[in-house]
Each structure stands twice: as structure tokens, then as C-alpha cells.
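The values are calculated or read from the model by the stated rules, or taken from the named source; none is laboratory data. Owing to the predicted nature of the structure, the values given are computational and were not obtained by experimental measurement. As a convention, Cβ positions derive from the backbone with ideal geometry for all residues, glycine included, and neighbour counts pool all protein chains shown. Accessible surface is based on the protein model in full, side chains and every heavy atom, while ligands, DNA and RNA are left aside. Shrake-Rupley method; radii C 1.70, N 1.55, O 1.52, S 1.80 Å.
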Number of protein chains: 2
Amino acid sequence: MSEHKEKDDYLPSNCFVTSMLTDMYQLTMTYAYWKGGRSDDVAVFDLLFRKNPFGGEYTIFAGLDECLRYVNVFGFSDTDVSNLRALFPEWEEKFWDYLLALDTSKIKVYAMREGAVAFPKVPMIRVEGPLGVAQLLETTFLCLVNFPSLVATNAARHRIAAGPTKKLSEFGLRRAQGPDGAMSASRYAYLGGFDATSNLAAGIKNDILLRGTHAHSFVSSYIGLHELNTKLLRRANSDEEVDFVDLCQNQLKLLKASRCNTGELAAFIAYAQAYPKGFLALVDTYDTLSSGVPNFLAVSLALNKLGYQPVGIRLDSGDLAYLSRECRKQFIQVSKAFSVPFEKLTIVASNDLNEEVLYSLRDQGHEIDSFGIGTHLVTCQRQPALGCVYKLVEINGSPRIKVSQDIVKVTIPGRKKPFRLYGRANQPVLDLLVLAGSPDPVVGERILCRHPFDSQKRVYISPQRVEPLHTLVWDGKSVPPLYSLQQCKEYCASQLKAVRSDHIRRLNPTPYKVSVTLELFTFLNDLWQSEVPIPEID
Amino acid sequence: MSEHKEKDDYLPSNCFVTSMLTDMYQLTMTYAYWKGGRSDDVAVFDLLFRKNPFGGEYTIFAGLDECLRYVNVFGFSDTDVSNLRALFPEWEEKFWDYLLALDTSKIKVYAMREGAVAFPKVPMIRVEGPLGVAQLLETTFLCLVNFPSLVATNAARHRIAAGPTKKLSEFGLRRAQGPDGAMSASRYAYLGGFDATSNLAAGIKNDILLRGTHAHSFVSSYIGLHELNTKLLRRANSDEEVDFVDLCQNQLKLLKASRCNTGELAAFIAYAQAYPKGFLALVDTYDTLSSGVPNFLAVSLALNKLGYQPVGIRLDSGDLAYLSRECRKQFIQVSKAFSVPFEKLTIVASNDLNEEVLYSLRDQGHEIDSFGIGTHLVTCQRQPALGCVYKLVEINGSPRIKVSQDIVKVTIPGRKKPFRLYGRANQPVLDLLVLAGSPDPVVGERILCRHPFDSQKRVYISPQRVEPLHTLVWDGKSVPPLYSLQQCKEYCASQLKAVRSDHIRRLNPTPYKVSVTLELFTFLNDLWQSEVPIPEID
């Protein structure tokens, strides 16, 4: 977790992330730019999204670290060239020399800090440099920002829904969109506010807390007590071995639970023998309240007699609010009846959870301490793609615009600096885009902020604080500081805390204002008029 | 595309696919099984799904090749063990020796053929072998089957929606769930019925046709004709160089198009200079019908004069049905007016296409030849996860059942052989699960097929053909034949062709019957009664 990563930490984090992981049209364009003598024209591209995901009004920016790792290894190998030659045998010989020599030494990347709260139309990344190279970064950058930002945002929304004190674990590996979809989901769910993952590889790679106990198959693999290869368990504080099976059976009798599945009891005993200090049992294989919980309590009471404290249960089906309350009741009853400290045993819940279910559970009242969330989190079921785009906004100093009949698709032209302006309560009030050559907004000085397209929407602000949103993160080489995942996670949490609560609330959140200066407004609208023919009705 | 792959082709296809790409609870279970002396118990696991995706009644099985590659490299390295030791310092020393020695030499994998049409509850894969190893395959197998099967099914649905003659290209890299989400999407979209991909790395890796031309940024990077570094283009059949810019401008005058964007014209000229034999232009940067199409036609007429045939256009916004018809009209008009063969120029359409839009375009009438489909295809927006599960069905010869209040979640116990029974028209009528020790169904012999859970649903069939759905694909080592991607794609197409059309139709498709023998029905229901307590109302 060091502040400054070493250069040699700059390994590609993903075996697929090479300069060939791109749309083929990037290469056909590269050739056409080269052929047309335009490769070294100076281009500026903005990477932005147009609409927040999940019906919300905010987005967490993530994926920058992976973009920079990619920029660092950018380039085409002899193998790449021989593959491309086979596809494009008609390309001129000299082009291959050009391609082999390409690198990012003349590229500058400006970006928001990873973990930042971002809003539509405000570029999260700005790339400047030779058209031939800057263009080639498009698809890979988009691929490396879209899903990480989406998952981080989804995780942040789940965190807000669960409340700050609950433990959240990502359980999505088996349902993710491929192995790397899973790896990304673990990493960026953590960044967005999760505490842990079930994914062993992701946990180890990213230094994320790992969580997990056993599956239903462990329980159903036991048919009866005869399958236990030993009846014994050693006491916590001595070498004495006790007949643990006998002890568990006695506790079950005391609990007066007559309808428990014996295979399940055997499985719990075997699990407790392996993990006497970490006994957490999945209790819904046969019947949660009639079988799973009494079996769990019997084994827990037996563990208690040997000096061990059980951890808790996991519920994976049924009415989680009701079951968790019933389980808590039983824990409290048993604590009283047997004088054991079982009141606060952990209740973990899983089974197709999502943001809405978390809100619903809160409304109903529940006793769950920890949630394991898989499919909905990692595949972002509610909206499985973020629509980031990478648009040319300037070439050789001339601003460029992408026009569209659809106003949300019109890009804001020119090289721009984004600022976040803070109001009296030290809360962000709006983001302001300023043309690069123009003066920055100044604390305490009143400035007119205009909606980029709607001429009716204008507002004056005298900012209490002015925060430039972009810093230079690549200038032909990496520009420190680089932030660790942990630092990005903390930054994300602090950013979400700073935002006005009505922007992040569940229902009808208030859109955050994104504005341009008067100068940029005029400039944008003039350019639009000049580039686009007025439609004519025949 | 050889029938039999070589052993050394068995490299892991994905850098993340190692035995550490699993849920941590698989390892905690492994230890508990080992500690309980159960590691070598003989287990049978079924991999199946319970519900077809996308509201349909069929699913394409995919991902088997990657599962087998994983089985081939399965095992834990010294590094893995040292990482695990750090997580579980209390595990016994001898366990690490056990873990280091684990391999799949005693594992058998039975599976459907990759590309098969599969139905709920019928295992696509059956794994048999030592409990310790078979359990460890769970998460990775699910990760390697869920998304491939989902994407292949999604692609098959898009193919059916588009009709058999249209070209379908996968354009999803930038919006996919991570780099490998994209790589998987390209591969399995091809398997499910797509023709091509834009993803350069995926196309080269999988030998899939690549498609792509240029982006809006290429067009908007040109402001005027002065940016063209040469006015010349060589004739197709001689070395004579002609003033191509002049020629294009003259053609534009002949077309009487007065409202064209000059930067766009310059970009098209530059693109045609680079690709005189492959000129396909994106025509919606400024205005499709007023600017893009006339500019395209001017450059196309000029190319025609030099002996080149243009390819076509791409539409990326607006009303695609209308615009494609208008474009086709203009192509036909120009063909007549200028005596050029432009009637059948290709019209490619992209922009947020999905299955529903394809049906809608068909309903409206359109002139599109080729579709580029991205986000909805590769992220499976309509349902981004398939719910495959991996369930223990037998241990040491004893059948196991996973019970649930929710009937669709109950698993069918025991080691089972699945068969597909064909009726008179040589069409599949139902899939039948038979206990492994029981006789196979026989052609022409009447057999009773029962719904596994609903005692009312029974049917007699005298099959015209009996197809065993499982073959042994891993028996401690790979069992040939292994099928290439191309073969899987062809098999998928032939399977879809064989299925009765009402099972795959768009609206209210008929559910396909999945049945069990009378013997298995009785066996299943007896086991259920014996394992599960009857709930008691207090």
C-alpha cells in the first residue's frame, strides 16, 4: 500500500491488454491517417459518459490505474505486425516501420483521481498527443474504464443501501462475465465500498479480505454420523480430547429439536472439527428453522463447552428478513437458557441480493450482519454497461464537435479544464468546464455558469472552494503520485460523503449541475451552427 | 480447424484461469473434507441450469473447451500454497502435501457437445471422481460455462431475429465487462451464429472474420480539403495518377448536393485514397441524407471512374429502417443516372441494436445488409447472467438431493444418463433422464416419460431415434475428438435447425419437455420424502 508505486510495478494487469485488444477500425484509421500524412497532427480526445447508470445521478470513476499500465506497455510487436500483415497485405511497407516504432512518449493523459465521483459530460480522462497514437488508445481505454466505473458505482449504491455498518462481501465469481469480468468485479466492488470478496485469486492479487465457509454440497455429502472419521475434538485450552459427537447429540436433545436432518448434523460436526475457532454454518440445506438452526446451535453449544466461540450462520434462501429475526430470537433464547454468549452471533445472508432487496430488508427490519452479493453486483444486472465514449474535441488547435440529432450525444468541443466549485457548506455545487486558455475560476469571485446546450439555464456562483478535477498523470512517462487500490477506495468514500445527499438518494435524486463558462457556451454554439447544415423540409 | 487438436494445444486460454480462480470456500471445504477423511470419497456432480435465459425456451451450451483446458492444467503450485498458508496458518502441515499432489487423473467428465441446444434440469456436464477434486472444480467450471452459454444463446437469438441471410458482426469490445468479457463475447457470439467481430485480438486468436472501417473521429478530424496531403489517386488498372479531389468535387456538383460538410468530404477522400478497393464510409457524422450520403456517392462515382468499386456505407444513428430505405433509393437512382453498379452497395447499421430492434426493423421493412451489434449482445443486457449450478447428486453410490421450498431449485439425484428422443419428423420431442444403471431407451419401444416433480404430467413415446447426450470427454486425460470453434458453430446451427420451430419462436415459445423414467421419478420422490422433515404449523 505504498504511496508511490515503483516503475516495475507497471506490469500489465491482464494478459489480454495489449495494443491488439482494440477494434480493427482503429488500425484501418491508423493506416489512413498515416497515408494521409496526419499521424503527427496534435489531437485532443475526451473520455466521458453521457448518462449516469442505474437511474442515479452520480458515477464512480475507476479503471485509471489499468489505463496507465496499458499506456506504459503500448506498442506493436513483430508478431502483431505479422498478424496485421496477413489481414492487410496491401498496406505499404513503410507503414509497418511506423507501426513498430509507435509509443506513448509524446502522449499526455490528464485525469480525475480514481475513485472520484463523476458526472455526465465532464471528461474523466483527456488524452493529448499525436493523432495516430491518441486514436489507437480509444477502444482499450473505454474497455478499461467502462466496466470498472460501472461496478464501482454499483458497489457504492449497494453500500449506501446496506448502511455504513453492515459487512458487504462480493460473491460473484461463478456468475460473472468471464474470469476477468469476475476479477474486475472483485477489485472495483472493493473500491466502491465492499469489505471482502469470495474470489481467492482476486483477494490475493488485490489484498482484499477473503470470505467464505462451505456450500450446500458439503452438507449434503454427509448422510449420517457414521461418516465421521473421528468423534473427537480437542479442548481449546488443553490437550484433552473429548467425544465431540456425543456432546453435540446431547446438546441437540437439550434443545428439544426432534426433526433435524442427521446428515446435516454430521456435516456441521465435521466442519466444526476442522474449524473449531471459525464455525460458521450454512443452515438452509434442508429446513432452516426446523433443522439447520437447531443443528447449528447444538454444535455451537458443544464448541462452547470445549472453550470455543462459534461465529454464526449463513442464510441462502427463504424470507431473509423473517428468518434472520427468528434466528436472532433463538440465539438470544439459547444465550439465556444456556448462559452462553450467542446473542450477537453473525448472521450472513446471500441469495440473489441486490440494491432493491437491501432497501426492502431495511424497511422490513432484519437481523443480518453481513451480506454476500453476487450476480446482481458483478454483472450489474440493472444496467450491465456504462456508455463511456472517447471523442475528438480538438485537432491542431481547432476545436471539433460531434453533432447529433440527439442533444445528449453532442460533445463539448475544445481543450477544456474541468473544475468542481464548492458552496458554503463545503459541498460541491457544480462542475464547470473552462476552455484551456482561459482563466481558472477564483474563490470568492462571482462567475456565470451556463448549461452547455439550454440557453435558459444559467446560474451565478461565488465559489468557497475551487477544485481542479484533472491532473497530469502521464507525460510520456508516468507522473507520480500513483494511488493504491486502498487509497482509491478511501478517496471514493470521502468523495461520496462530501456530495449533497439529495444527489445520491434512492428515489428521484437531484441531478448535479454541469456547466460551461459563457465563453465556452458561445464558442460551442457558434461551432455547432457553422458545422451543421440546417435541415430543409422538402 | 483440424478435427483432433494436439495435446500441446491445451494451453490455458486465459491467464486468470488457474486453480486459485475459485471461491475461497472451495478451499475451506477441501481442508474440511481432508480433515474428515473424505477427500477420496467418490462424488458425482451435475452442472445444469434451471431456467432458460431471455424469456426463451432454449439455451446453447458453450464453454466446454475452456473447462477441459482448465482440467488439464488443474493443480496448486508452491506459490499458491504459500499464499494459502498465509491465509490459513492453522491448517495441518500434511494438508499442504495433499494439496500440492492434487490432480485430475482420477476425474471423469461427461458432457454434451459444445454448441448443443440444452434445456433446464438436463445436466450439460457431469463430473465424477474424488470428492476433494470434483468439489474444487465447481466455481471455475461455472464461471467458464455460464457466460459463454449466455452469449452463445444471445447470439443465436440475434441470428434468428436478423434472418439467415444478413451479416452479423460483434462490435462490443468497448462496452464489454472487461477485456476477457470482450474476448469471450467475440468467441461465443461467433459460435452462436455471428459472422464477424471488430475485436482484433479475438479475431486473430479465434480465426474469426474481422470487420471495421472508421469512426466519427476520423471524419471530424478533417476540417477542409486543404488537409489532404495529396490530391492524387492511381487508376485501378494503370499507373496513371489522377487529381482525385477535383474528380470528387465534380461528381458532387453533378449530384446537385449543396449542403454537404466539406470536412466530411475531405475525410471520405482521404479514406478512399487509403482504401480505393474497400471504400465503406460512416455517413452520419453531420447529417446522413443531406451530407453523408451525397459525399459518399461523390467519392464513389469518382472511384468508379478510376475503375474501383466502392463497398458501401454505415449508418450509426437515426431511424435505421427509414434511412436505409432512403439510401437504397439514392443508390438505385444514382445507378440509373450515372450507369454505375451501385444498386447493391452494402448498408451496414449499428447503434444500440438488439434482438427487439432487429424484429422491429423486419416489421418496418429495411434495406440493411449487415448489422454491427455491441453492448446488448456482449453484456447480454436483457439478462446478464445465466444461473448454472453445480450440484452433488451422488456420494459413494448414495444419491444426494438438494431440497428447496422453491421446486425449480430441487435437484434430480443420482448418477444419470440424459437422452434426446426424436419423433416422427426426426425432430427432438423430449429429453429423458435415466438412472445410470438402468437400460437405455430403445428405438421403437414405447417408454413412459414423467415430469420429474409434477405427478400429473406423463407421456408415452416410441422414439424414432435415441441420442445419448453425454459423452466421456475427460478420463484422467483428454478423450478425443475435440471440436474446433468452427465445428462447434456448425453443430450449433444444425441443432437449432433440428428443433421444432415453436420452441424457438419469439413470442410465447413452447417449453420443451424434460422428463425422467418412472424408476427415477419414484426414486427421486422417495428420497425427497425421507430427507426432508414435513413442516409443522405451530
message: Just to make sure I understand: if all protein chains stay in place, what is the order of B:ASP65, B:ASP78 by accessible area at 1.4 Å, largest first?
response: B:ASP78, B:ASP65
query: What's the carbon and sulfur percent of the protein assembly as shown's accessible surface, probe 1.4 angstrom, rounded to a whole number?
result: 50 percent
query: Across peptide A:217-229, how many C-beta atoms of other chains are within 10 Å of each residue C-beta, on average?
result: 6
- line: Surpassing 23 Å at the alpha-carbon level, of the pairs B:LYS167/B:LYS256; B:LYS231/B:LYS329; B:LYS253/B:LYS336; A:LYS256/B:LYS35, are B:LYS167/B:LYS256; B:LYS231/B:LYS329; A:LYS256/B:LYS35
task: Pull up the DSSP beta bridges for chain A and report the antiparallel fraction as a percent, rounded to 5.
output: 70 percent
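Using the 2.2 N^0.38 Å rule of thumb for compact globular proteins, work out how region B:156-379 stacks up: its C-alpha Rg over that value, please. Before the final figure, lay out each step's value.
Working: Rg = 17.9 Å, N = 224, 2.2 N^0.38 = 17.2 Å.
The reported ratio for this selection is 1.04.
Among A:423-436, B:92-105, how do they line up by average Cβ neighbours within 10 Å per residue, starting with the highest?
On the way: A:423-436: 17.5, B:92-105: 14.2.
Result, highest mean first: A:423-436, B:92-105.
Report for region B:333-455 the percent antiparallel among DSSP-assigned beta bridges with both residues inside it, nearest 5. Before the final figure, lay out each step's value.
Working: 9 of 11 bridges.
Just about 80 percent of them are antiparallel.
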- line: Note on region B:156-379, DSSP bridge orientation, antiparallel percent to nearest 5 equals 15 percent
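Sort A:PHE61, B:PHE523 by accessible area with a 1.4 Å probe, largest first. Mind showing how you got there, number by number?
Numbers: A:PHE61 0, B:PHE523 60 Å².
Reading off the accessible areas and sorting them downward yields B:PHE523, A:PHE61.
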message: With the label 7 angstrom out along Cα to Cβ, how close does A:SER360 come to the same site in each of the other copies, in nm, nearest first?
response: 2.9
task: Please give the helix A:355-364 orientation as an angle from the longest Cα principal axis of chain A, in degrees from 0 to 90, rounded to the nearest 10.
output: 50 degrees
In degrees, nearest ten, helix B:138-162 long axis to first principal axis of chain B (Cα): 40 degrees
- prompt: What percentages, rounded to whole numbers, describe P(r) for region B:101-187 computed over all alpha carbon pairs with 10 Å bin width beginning at zero?
  reply: 13, 36, 30, 15, 5, 0
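Sorted by mean Cβ packing within 10 Å, highest first, what order do the peptides B:49-58, B:230-239 take?
Descending packing order for the listed peptides: B:49-58, B:230-239.
For every helix of n ≥ 4 consecutive DSSP H residues, a contribution of -39,500 (n - 2.57) applies; sum these over chain B, divide by its total residues, and give [θ] at 222 nm rounded to the nearest 500 deg cm²/dmol. Intermediate values should be presented prior to the final figure.
Details: 18 runs with 201 residues, N = 538.
One gets -11500 deg cm²/dmol as the mean residue ellipticity at 222 nm.
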- request: Sum up the charges of everything whose Cβ sits under 12 Å from the Cβ of A:ARG458, counting Lys and Arg as +1 and Asp and Glu as -1, but leave A:ARG458 out.
  value: +2
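What whole-number value in Å² describes the accessible area per residue of region A:222-358 for a 1.4 Å probe? Intermediate values should be presented prior to the final figure.
Values: 5370 Å² over 137 residues.
Spelled out: the 1.4 Å probe surface of region A:222-358, per residue, equals 39 Å².
Sum up the charges of everything whose Cβ sits under 12 Å from the Cβ of A:ASP195, counting Lys and Arg as +1 and Asp and Glu as -1, but leave A:ASP195 out. Present the calculation step by step, with values, prior to reporting the outcome.
Numbers: positive: A:ARG159, A:LYS166, A:LYS167, A:ARG211, A:LYS489; negative: A:GLU170, A:ASP369.
In short, +3.
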- line: Helix B:64-73 sits off the longest principal axis of the Cα atoms of chain B, rounded to the nearest 10 on a 0 to 90 degree scale, by 60 degrees
query: In region A:173-252, what GluC sites (Glu not before Pro) fall in a loop by DSSP, with at most 15 other Cβ atoms inside 10 Å?
result: A:GLU240
task: List the pair-distance distribution P(r) of the protein assembly as shown, using every Cα-Cα distance, as the percent of pairs falling in each 20 Å bin from 0 up to the bin containing the longest distance, rounded to whole percents.
output: 12, 40, 33, 13, 2, 0
- request: From other protein chains only, count the Cβ atoms within 10 Å of every residue's Cβ in A:94-102, then give the mean.
  value: 0
- request: Using a 10 Å cut-off on Cβ to Cβ distances, tally the other chain neighbours for every residue of A:288-295 and report the average as a whole number.
  value: 1
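Which net charge results for the neighbourhood of B:TRP96, defined as the other residues with beta-carbon distances under 14 angstrom from its beta-carbon, given Lys and Arg at +1 and Asp and Glu at -1? Let's see the in-between values first.
Details: positive: B:LYS35, B:ARG85, B:LYS94; negative: B:ASP78, B:ASP80, B:GLU90, B:GLU92, B:GLU93, B:ASP97.
Net charge around B:TRP96: -3.
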- line: Checking every Cys Cβ in chain B against the others at 4.7 Å leaves as unpaired B:CYS67, B:CYS143, B:CYS248, B:CYS260, B:CYS327, B:CYS380, B:CYS388, B:CYS449, B:CYS488, B:CYS492
task: Could you list which residues have their amide H under 5 Å from that of B:VAL434, counting only those 5 or more apart in sequence or on another chain, with H placed in the peptide plane?
output: B:LYS417, B:PHE419
- request: Against the globular-protein guess of 2.2 N^0.38 Å, express the Cα radius of gyration of chain A as a ratio, rounded to two decimals.
  value: 1.20
